[in-house]
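Since the structure comes first, as structure tokens, the remarks are kept for the end.
What follows is calculated from the coordinates using simple rules that are stated; it is not laboratory data. Model, not experiment: these values are computed from the prediction. Cβ atoms come from the backbone with ideal geometry, glycine included; neighbour counts cover every protein chain shown.
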Amino acid sequence: MKKILIVQRYEKIGIFNELRDNLDIRLSNYIFKLGYLPILIPTKIKITSFLKQIKPDGILLSGGGNPQKRDLRRSLEMQLLKFSLERKLPVLGICRGAQQMNLFCKGKIQKVENHVRKKHRIFGKIVKKKI
């Protein structure tokens with residue numbers, strides 16, 4: 001079974017600012033139903049060691065949150081995108097994840113009011129990036 005790494009949301013919760021990784025359970029269940037093994041990546045991890053052990057077949061950058069916020073999740077996603085280019089792994093970005101891919105390729109993001117549950121036209125081209 002092919003292994004798909006999934007990046008989760010990274011949030012501070014409650015008055016004690018508890019740090020949590022989280023993901024809608026329907027997403028990992030859906031990936032599993034498609035015949036893949038979903039592997040959730042902890043946000044605060046030594047990613048190089050993790051990747052050597054797991055040897056993923058693909059990466060999924062999930063949605064939720066501001067992709068321009070410079071935090072642990074963004075750092076993790078940028079490292080994974082670089083890794084995916086080096087290894088020629090497929091990457092799927094959902095909402096924030098697609099925006100993160102755009103930022104990685106030096107694209108720009110434009111704010112869209114009331115974008116939730118709306119269809120958006122996406123324009124782009126495949127670019128081979130040298131590392």
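Some observations on this one:
- Rounded to 5, percent antiparallel among DSSP beta bridges of the chain: 30 percent
- Under the criterion of Cα pairs below 8 Å and six or more residues apart, the relative contact order for the stretch 65-109 equals 38 percent.
- From the coordinates shown, percent of Cα pairs over 24 Å apart corresponds to which of (1) 19; (2) 34; (3) 31: (3)
- Residue of 41, 54, 94 that the Gaussian network model of the chain assigns the largest fluctuation, springs spanning Cα pairs under 10 Å: 54
- Placing +1 on the Cβ of every Lys and Arg and -1 on the Cβ of every Asp and Glu, with no other charges, gives the stretch 2-104 a dipole of roughly 220 debye about its Cα centre.
- Computed over the chain, relative contact order equals 24 percent, with contacts defined as Cα pairs under 8 Å that lie 6+ residues apart.
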